[in-house]
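The values are calculated or read from the model by the stated rules, or taken from the named source; none is laboratory data. This one's a predicted model, so the numbers in the text were calculated from it and none came from an experiment. Here the Cβ positions follow ideal geometry from the backbone for every residue, glycine too, while neighbour counts run over all protein chains shown. In case anyone asks, the SASA skips ligands and DNA or RNA and just uses the protein heavy atoms, side chains included. Shrake-Rupley method; radii C 1.70, N 1.55, O 1.52, S 1.80 Å.
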Amino acid sequence: MNQADIFAAGAKRLQMTDSIEMTIQSLLAYGASHDHWGIAWSGGKDSSATLTLIIWLLDTGRVPRPQTLTVFYADTRQELLPLAHAAQQIIDELRERGIQVEVVTAPLDKRFMVYILGRGVPPPNNNTLRWCTRQIKIDPMQHALEQRISELDGQVLMITGVRQGESAIRDQRIEMSCSKDGAECGQGWYQKVLPEAKGLRGRLATLAPLLHWRVCHVWEWLRHWAPGAEFGDWSTAAIAEAYGGDEAEEINARTGCTGCPLVDSDMALDNILLNPQWAYLAPLKRIKPLWRELRLPKHRLRKAGLEILKSGKAAANPQRMGPLTFEARRMGLTTILDIQDEVNVAARAAGRPMVDLINTEEEARIRELIELGTWPDGWDGDEPIATTVMDTVYANGAVQPRLFSETEL
Ligand code: SF4
């Protein structure tokens, strides 16, 4: 079932109550045919607004309750601390209401830090090679959903926080990119990719009931409506606060991992640091430059010549750069642990929440993978460092001898 184009009859600027009314209508239209609902929640602004609004609508009888409701909190272990902190409070508030909350986390070896610093896979750098979203958000969510669905009869309606605003809906656009227009990383994927995933096909429908909301409505809900007793007494003001408090209405900030390598600037973190209460998180600003540094050739291996794939064909990108050297991984681990220590010393002194960038289990696993000499699939570790001067090899096998010897360079 496709969600209807709610702007087909001509657009007008929506007021808050109109927006909520349209959300109610979409839930009534699409929710009623599903006994089981799930909510994909990342702790960011759009999915937190979606979650708290829906619970309020159910609690007040404006929308009939489904037979079961499960909230899936996608804990990437990379969340910005103020948002992770607020999410924990909301989880407590949900559980106090008797709502089932499942915290969804990737298995140890697939987590962002372990995968990069232990296994040696370079940090992601563009949207086409974005292994991280799939690995730390989509796959764990798919697994949790498969588990849940196996316990239930019929189809599950997965509710996401995808929000595109008026113009994008008019253009029929649902962005998959997490780096545009303040979108929450992962929500577009939940909306589009999960229903087609093997194991879920035919068992999952998705609905984005805040699709039409303007960003100012999201801030209004999080800051003023949801925290009120009348609307559920939610701890959502801290989420808006994390994005810049009173200034938040002006900010269409994207939610994502701390130091996400894919965005041009750390806008969400920069806004958090403007708040004196969170200023002690400033060392986190060093994470993004670390990922950039680790992508440099001097920290990586490179295929020496033509690479023959398992299929017997030559790879399209000979001499591609690959994994991180052990030295680079150790340097990255030390840098992250130093940042973590620095933040937590300040946190302890001020009685503020501490960060948990790499926990003891993850650190032990990273060190173990390095000790075991682990390389990503397709790499043996005997490939040259990527700065090595080599003859140029083309995909057709042609070789262009290097013009200068190493000593001439
Ligand atoms: S926020 Fe950035 S690092 Fe995190 S999953 Fe999304 S693209 Fe990857």
Seminar exercise, completed: Residues in segment 256-287 that are under 21 Å from ASP75 (Cβ atoms) and within 13 Å of the ligand (Cβ to nearest atom) total 12
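Just to be sure, is LEU58 of a type in the set (A, V, I, L, M), touching a Gly at 6+ places or on another chain (Cβ under 8 Å) and surrounded by fewer than 22 Cβ atoms within 10 Å (Cβ to Cβ)? Steps first, please.
Working: of a type in the set (A, V, I, L, M): yes; touching a Gly at 6+ places or on another chain (Cβ under 8 Å): no; surrounded by fewer than 22 Cβ atoms within 10 Å (Cβ to Cβ): yes.
No, not satisfied.
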Exercise. Just checking, which of GLY322, GLY332, GLY378 is under 23 Å from TRP131 (Cα atoms), at pLDDT below 95 and touching a Leu at 6+ places or on another chain (Cβ under 6 Å)?
Worked result: GLY322
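Look at ARG330 and say whether it is in contact (Cβ under 8 Å) with a residue 40 or more places away in the chain, closer than 22 Å to ILE366 by Cα and open to solvent by 60 Å² or more (accessible area, probe 1.4 Å). Let's see the steps before the verdict.
Numbers: in contact (Cβ under 8 Å) with a residue 40 or more places away in the chain: yes; closer than 22 Å to ILE366 by Cα: yes; open to solvent by 60 Å² or more (accessible area, probe 1.4 Å): yes.
So ARG330 fits the description; yes.
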For this session: Please find, within segment 307-320, the residue that is nearest to the chain's Cα centre (by Cα) out of those that are open to solvent by 60 Å² or more (accessible area, probe 1.4 Å) and of a type in the set (A, V, I, L, M, F, W, C).
Result: ALA316
Exercise. Looking only at segment 76-92, which residues are in contact (Cβ under 8 Å) with a residue 24 or more places away in the chain and either open to solvent by less than 10 Å² (accessible area, probe 1.4 Å) or within 12 Å of the ligand (Cβ to nearest atom) (or both)?
Worked result: THR76, ARG77, GLN78, GLU79, LEU80, PRO82, LEU83, ALA86, ALA87, ILE90
Exercise. Of the residues that make up segment 349-369, is at least one over 18 Å from ARG111 (Cβ atoms), in contact with a Leu (Cβ under 7 Å, 6 or more places away or on another chain) and not in a loop (DSSP other than H, G, I, E, B)?
Worked result: no
For this session: Report the residue count in segment 333-369 for those that are farther than 23 Å from GLY259 by Cα and of a type in the set (A, V, I, L, M, F, W, C).
Result: 3
Exercise. Taking segment 122-139, which residues are more than 10 Å from the ligand (Cβ to nearest atom) and either surrounded by 20 or more Cβ atoms within 10 Å (Cβ to Cβ) or without any contact (Cβ under 8 Å) to a residue 12 or more places away in the chain (or both)?
Worked result: PRO122, THR128, LEU129
Problem set entry | Odd one out for ILE116, checked against (1) in contact with a strand residue (DSSP E or B) (Cβ under 8 Å, 6 or more places away or on another chain); (2) more than 12 Å from the ligand (Cβ to nearest atom) | (2)
